[in-house]
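Undergrad: Before anything else, here's the structure in question.
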Amino acid sequence: MLALSTKKCVPCNTKDLVPMTEDAAKSLMREVDGWTLIKEDGTMKLRFSTKVKTFRLGLELFKILAELAEAEGHHPDLHLVEWNDVIIEIWTHEVGGLTENDFILAAKINTLPIRHLLRRVACD
């Protein structure tokens, strides 16, 4: 099986594309460390939350994410809440749920060199 981060998102223009089941989504969660599977208004989504060091670095993070999204042809919802809370949500709007594309994009986001933008988490 190919790692999700090595796959390419496929166009969502097929009528046969349907959202995956919750069981299928749960089975892929182990491949997208740090992401959470949520259900919002009946729609399954992937969510990642983090904090950036500064507001400006939050915008830089969005630029990096935008470049990846454009290259993949699959676009996440990006939220910069207050000045340093970043929330990334991914789902396939076209089908109203999750597809493999969403997991591919999440896996690719996990490989981006962005640690220098993020606040360090204090250890217990």
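Undergrad: What's the local net charge at residue 52, with K and R +1, D and E -1, over the other residues with C-beta under 15 Å away?
TA: For residues surrounding residue 52, the net value is +4.
Undergrad: In addition: What does the charge add up to near residue 27, with Lys and Arg as +1, Asp and Glu as -1, over the other residues with Cβ less than 15 Å from its Cβ?
TA: That sum, taken over residues with Cβ under 15 Å, equals -4.
Undergrad: For q = 0.21, 0.27, 0.28 Å⁻¹, what log10 I(q)/I(0) does region 1-73 give under the Debye formula with an equal point scatterer on each alpha carbon and no solvent?
TA: -1.29, -1.33, -1.31
Undergrad: Give the dimensionless ratio obtained when the Cα radius of gyration of region 21-116 is divided by 2.2 N^0.38 Å.
TA: With N residues counted in region 21-116, Rg over 2.2 N^0.38 Å equals 1.05.
Undergrad: Here's a follow-up. Scan region 14-47 for trypsin sites (Lys or Arg not before Pro) in coil per DSSP, keeping those whose Cβ has at most 16 other Cβ atoms within 10 Å, and list them by number.
TA: Loop-located and lightly packed - 15.
Just so you know, all these numbers are worked out from the coordinates, no wet-lab data involved. Please read these numbers as outputs of a predicted model, since none were measured by experiment. A quick note on method: Cβ atoms are made from the backbone with ideal geometry, for glycine too, and the neighbour counts reach across all protein chains shown.
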